[in-house]
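What follows is a set of notes on a single structure, which appears directly below.
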Amino acid sequence: GLMHYEIDFETWDTPNQLHNKSTLYIQRGKDGYAKREEWKVPESDMFRAELEMFAESCRTGMPSELSADNGNFAVAIVYAALRSIESSGRATRIADVLKEAQEHVAERIHDVA
């Protein structure tokens, strides 16, 4: 599948208006680009929402969904997808990508220490 979010950067300085000129598409399966389905972008101010989540986490001490762990996992998904593309669509385990990243970080920490 594929999800594509087109942002109109003319509204970048007014994030509460991004949803008015941005488009979110989803494509399921292997049917090709022409089979994409447009989804309505929910009305919001994504920057304000992120800041409010962060402030709430700071105030309460409770973790938010915007954690480093979730961010690392999201980036690993992207790297796994890119690796799959480079190997003609061969399945790539996200766990393998995460393990390699951890090994790389461990090497860099060793080099610094």
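Please work out if residue 25 is of a type in the set (Phe, Trp, Tyr), in contact with a strand residue (DSSP E or B) (Cβ under 7 Å, 6 or more places away or on another chain) and either assigned to a helix (DSSP H, G or I) or surrounded by 13 or more Cβ atoms within 10 Å (Cβ to Cβ) (or both). So residue 25 passes the test. The single residue among 93, 59 that is loosely packed, with under 10 Cβ neighbours inside 10 Å, modelled with pLDDT of 90 or more and among the charged types (D, E, K, R) turns out to be 59.
Residue 65 falls short on exactly one of the conditions (1) open to solvent by 100 Å² or more (accessible area, probe 1.4 Å); (2) not in a loop (DSSP other than H, G, I, E, B), and that condition is (2).
A single entry from 21, 35 fulfils the requirement of being of a type in the set (Lys, Arg) and touching a helix residue (DSSP H, G or I) at 6+ places or on another chain (Cβ under 6 Å): 21.
The values are calculated or read from the model by the stated rules, or taken from the named source; none is laboratory data. Not measured: the values here are computed from a predicted model. A quick note on method: Cβ atoms are made from the backbone with ideal geometry, for glycine too, and the neighbour counts reach across all protein chains shown. In case anyone asks, the SASA skips ligands and DNA or RNA and just uses the protein heavy atoms, side chains included. Shrake-Rupley method; radii C 1.70, N 1.55, O 1.52, S 1.80 Å.
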